[in-house]
Amino acid sequence: MTTVAPSGVVTFLFTDVEGSTRRWESDAEAMRAALVVHDKVLRTAIEAYDGFLFSHTGDGFVAAFASPMSAVNAAIDAQRELQLPVRMGLATGEAELRDGDYFGTVLNRAARVMAAGHGGQILLAESTAGLLSGVDLIDLGPRRLRDLPTPVQVFQVQADGLRTEFPSLRALDAGRGNLRPAATSFIGRAAELAEVQAALREHRVVTLTGVGGVGKTRLAQEVAAHLADEFPDGVWFFELAAVADPGAVPDAVAAVLGITQQPGKSVTESMAAALDGRVRLLVFDNCEHVRDAAADLVEAILAHSATVRILATSREGLGVADEQLWLVPSLDVAAGIDAAAVNLFVERAHSVASRFSVGTPDEAGAVVEICRRLDGIPLAIELAASRMASMTASEVRDRLDQRLRLLVGSRRALERHHTLRHAVAWSYDLLDDAEKTLLGRCSVFAGGFDLQSACAVAGSEDIDDFATLDLLDALVRKSLLVADRSTGRTRYSMLETIRQFAEEQLVARGETSQIRAGHSRYFAGREADTMALWDSPRQREAYDWFTIELANLRTAFRWAADHSDLDTAAAIAIYATMLGLLVEQYEPVAWAEELIEPAREVGHPRLAQLYAVAAQCHAAGRVDDAVGYLDASHQITQRGGFDEVPYELQISTGIVYSHAGQSYRWADLCRRVIAAEGGTLTITRACLVMALYFLGEGDEARVASDGLLAAADVTHNPMTACFALLAHGLAYHDADPVAAYDSLRRALTVAGESGNRQMESAAAVTLWIVAAPETNPIQFFEYLTVAIQHYDDSGNVANLRNPLAILACQLDRLGRHEQAATISGFAASAFTLASYPQLNTTIAHLRDVLGDETYQSLARKGETMTIAAMAIYAYDQIDQARAELNAASK
């Protein structure tokens, strides 16, 4: 083995024995003997290609090579001779050599590439693969690997004597996204599945087109599931059918992705910026009714990101650049009893009639004819199969002859969707009047509904819960409703084509306005029960309900607002915003803002509440607007009393004053309320502590915090407990860090268990104020990475500054002064400087160490960086700092 250590650009080879622990435990003697051979093979191969072996820990080797080709050849030669299952990873880059050891991000990258592999496999990072020629490589695509902030393009080496087939890579977050397992089997689309996957690899946008009910959504789901491993940032599915207003498309998509609107940008622009650099597959389902809005959003995303792919379903193309239209065909009907369409019919029939059989020629012939007459359209076939619960296939075939007579002789004059329309009409005509009425009225729901909701629109005193349940059961059995029981509570929905047909019947009956108004009033009327549930130990259930019903709340609000039903619209906007802000879903804030002017004109009794919830716009960085709204709310309550805005919301929203650098106003407000109202006022007292903390009044904050821990113990509201615990932790952050840490950890637990994401984030970030000095630095960086990634993913620049402020302080402590100065320029704001006193100390220290001029230059560089650029920079600094800490601990 050479004694000369390469320098400059170096290729590193990492190896490890897969499953070594199990081998040691099962037969230590055999493992010891095998390792002797293993070590000899690797040393010989490394020495033969002038590699520098500088680390041998456990069962693994780490070697450096001046030539990437030499490193690959050494790996191939060794892999051919090794008897143990050894995984190998290579990466190339600059590294610093000190005292016979190397430091640099490239080592961590090579180690993570190796860790993603399996015994017998040689993996390369793109940094090595791009320098090779004459080597047979398989491109495994971009993968997100542990501890690495951005995806790595991974390649597998192929060579004579090496295995070629391995399990999927051990990549991080393989399940990121929201794609759910399909509820039904996938039948007869193997060729289409492969073709659409190939199309998506060649084009940035693929749109599945075809008649409603032909199976576009089901095919899209299957394609997405098969491609999930190729998208390390996840597969995200957006059901646009529930979005009635084209203008709401960006909000609906942003809500799923958790992206917050940024100051000076539209929702679409904010989303496009947040997706920059993400390797994601976005599936937009049912675009036809919002085609232009969906196309605008897709174009904006593609303009900012070269790594996002789009799969859409629509009855026509979106008309965007690089779009590949792919017509989804009907299922095969030509193969007779072996046709895919017949297989679908038989499987679905078995689900409603377990003894169903096509064992006799008559029944088999009838099923084949049904599928042929229905043109192989899956939805029509499923509707026919659902009748097997009460009819024979021959009876259904005979019925089709009568009901679809219009198709005979004039088929060429009909569009494909008319075939489906007649299939739906046929099924609809088989319903009795009560079933037809309920189906039509349930068409007003967006995103599904439950039994209670269905009863609300049933509209007859003669129909009780059990009668409605019987009707729903009948509609489920006839495949006109889908029953989802996955959450433990049954939720009903319609296929969109059926919903549209049912809605047409509602219009024809002249009931649309009545039922939609009832739908809106129903969701407005849920305010008291939902908020009572929220103001209890069962708070999580209220958040879950809000999340499930968001599409219905959106539809109900829109109808009420458009029809000047201010009472209904205000009720929905107020409680939806209150719940939404606590799960970091800010769409309803815009609803409240929309109502302010009409409510102000009539002096609406809930105007103060509308102003208070509208002030939540500060989450998007609109601090001035938020302060204005909150001031207006105070002006009203000063006349009528602070209790006009329940749950102390007006007080907790006072944090907008701190974001505006006016914490003294928040403190004054809290003192006035405490003096005027009396009583427990746990949230108000906690807010006073927070305001005093931001003002640097530590002694006063500790005095004001007296009794908060006891209040946290006795309250039945988890959010109230979180406020009390968070405030106590802030008050004692320097006087008693251990007690503060315990309080904040408890707040984090309570918030997590109750589903309050806003308080969970606040507690996690605040923990670092007291945890940083005592926390294992490597573990500390892992926490920071998660936090930065969370805010980076959502494009939330305001909250992103919080963990970056902590990171700047930590880098300064580690002597990485230039990097700390750059990050501090981005992180520093009136709020972070008040929230994290360490940041002020850090900046002062950096000025001393670097000099004012150098510090200002670096800080200005950080201040002007984009969110994406700063996040990447922060990840890289964490990566380098962690590598140095790991090396120092050896």
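Couple of notes before you dig in:
- For Lys861, the aspartates and glutamates whose Cα falls under 15 Å of its own Cα, not counting residues fewer than eight places away in the same chain, are Glu818, Asp852, Glu853.
- Anisotropy class of region 71-147 from Cα gyration tensor, a/c 1.5 cut: rounded
- Solvent-accessible surface of region 243-368, taken per residue with a 1.4 Å probe and all protein chains present: 40 Å².
- Region 781-855 and region 69-142 have Cα centres separated by 34 Å.
- Sequence ranges 349-358, 179-188, 248-257, ranked by mean other-Cβ count within 10 angstrom, highest first: 248-257, 349-358, 179-188
- Spacing of the modelled spin labels on Val482 and Tyr647, each 7 Å from Cα toward Cβ, amounts to 3.1 nm.
- Each Cα pair under 8 Å and six or more residues apart adds its separation to the average, and for region 284-399 the resulting relative contact order is 22 percent.
- Counting 0.36 nm for each residue step from Asp322 to Glu753 and taking away their Cα separation leaves a gain of 150.7 nm.
- Table column - 3J(HN,Hα) (Hz), region 176-185, Karplus curve with 6.51, -1.76, 1.60, x for Gly and Pro: 5, x, 10, 5, 9, x, 5, 7, 10, 6
- When only alpha carbons are used to place a centre, region 630-684 and region 593-621 end up 16 Å from one another.
- Ordering of 82-95, 718-731, 537-550 by burial proxy (mean other Cβ atoms within 10 Å per residue, highest first): 718-731, 82-95, 537-550
- Amide H contacts of Asp233 (H built 1.01 Å from N, in plane; Pro and chain starts excluded): Val279 sit under 5 Å, all sequence-distant by 5 or more or on other chains.
- Relative contact order [Cα under 8 Å, 6+ residues apart], the chain, whole percent: 8 percent
- Listed values for region 70-76 are Karplus-derived 3J(HN,Hα) couplings in whole Hz (6.51 cos²θ - 1.76 cosθ + 1.60, θ = phi - 60°), namely 4, 4, 5, 5, 4, 5, 4, and x replaces Gly and Pro.
- Surface exposure of region 618-761, expressed per residue as accessible area with a 1.4 Å probe, stands at 41 Å².
- The alpha-carbon of Lys436 sits under 16 angstrom from the alpha-carbons of these lysines, leaving out residues fewer than 8 places away in its chain: Lys478.
- Cα gyration tensor shape of region 237-328, rounded if a/c is under 1.5, else prolate or oblate by comparing a/b with b/c: oblate
- Peptides ranked, highest mean first, by Cβ atoms within 10 Å: ranges 472-483, 4-15: 4-15, 472-483
- With the simple model of a label 7 Å out from the Cα in the direction of the Cβ, Trp24 to Ala190 spans 4.6 nm.
- In this structure the amide hydrogen of Val152, modeled in the peptide plane, comes within under 5 Å of the amide hydrogens of Arg143, Arg144, Leu145, none closer than 5 places in sequence on its chain.
- For region 548-593, the carbon plus sulfur part of the accessible surface works out to 53%, probe radius 1.4 Å.
- Between Thr680 and Glu541, the contour length at 0.36 nm per residue exceeds the alpha carbon distance by 47.5 nm.
- Summed over the residues of region 1-81 and divided among them, the accessible surface reaches 48 Å² per residue at a probe radius of 1.4 Å.
- Prolate/oblate/rounded call for the chain, Cα gyration tensor, a/c under 1.5 rounded: oblate
- Spin-label model, Glu863/Ala887: points 7 Å from Cα along the beta carbon direction are separated by 3.4 nm.
- Solvent-accessible area of region 14-71 (1.4 angstrom probe, protein heavy atoms only): carbon and sulfur portion equals 53 percent.
- Nonpolar atom fraction for region 711-813, defined as the carbon and sulfur part of the 1.4 Å probe accessible area, stands at 52 percent.
- For region 689-712 and region 431-490, distance of Cα centres in Å: 52 Å
- Helix content alone sets the calculated 222 nm mean residue ellipticity of the chain: runs of n ≥ 4 DSSP H residues at -39500 (n - 2.57) each, divided across all residues, give -18500 deg cm²/dmol.
The values are calculated or read from the model by the stated rules, or taken from the named source; none is laboratory data. Just so you know, these numbers come straight off a predicted model, no measurement behind them. All Cβ positions, glycine included, derive from the backbone under ideal geometry; neighbour counts span all protein chains shown. Please note that ligands, DNA and RNA were not included when accessible areas were found on the heavy atoms of the full protein model with its side chains. Shrake-Rupley method; radii C 1.70, N 1.55, O 1.52, S 1.80 Å.
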